[in-house]
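What follows is a single structure, written as structure tokens, with notes after it.
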Amino acid sequence: MLVQQLLKKQQLKLTVLTEQGQLQHELLQVRKQQLAQSGRAFIGSTPGLIVSFSLGCLFQMRHNSTVKLLRSTFGLRWMTKL
């Protein structure tokens, strides 16, 4: 009798945690889709195109001494890993 009650409690806890996990997973998927959609919208916008073009130009000129100086001055160390 006591064992059955404990098993029922554990099964109830498991059910609750499973439902919470499923809800969190669904929420994560929705947020991921929203982030992807907003990223696509930004890249298609004028500021996004300007940023993309500027970074493309900087990437092509990454070995130029002036760009290296600017990169080190502004602390953009992440570009050295590209």
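Taken together, the values in this text are just the output of simple stated rules run on the coordinates, not laboratory data. The shown structure was predicted, so the numbers you read here are calculated from the model rather than taken from an experiment. Note that we place each Cβ from the backbone using ideal geometry, even for glycine, and neighbour counts take in every protein chain shown.
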Review point. Any chance the range 1-18 includes a residue that's surrounded by 11 or more Cβ atoms within 10 Å (Cβ to Cβ) and of a type outside the set (Gly, Ala, Ser)?
Key: no
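Kindly evaluate Gly21 against the criterion of being small (Gly, Ala, Ser) and over 17 Å from the mean Cα position of the chain (by Cα).
On the way: small (Gly, Ala, Ser): yes; over 17 Å from the mean Cα position of the chain (by Cα): yes.
Spelling it out, Gly21 is indeed small (Gly, Ala, Ser) and over 17 Å from the mean Cα position of the chain (by Cα).
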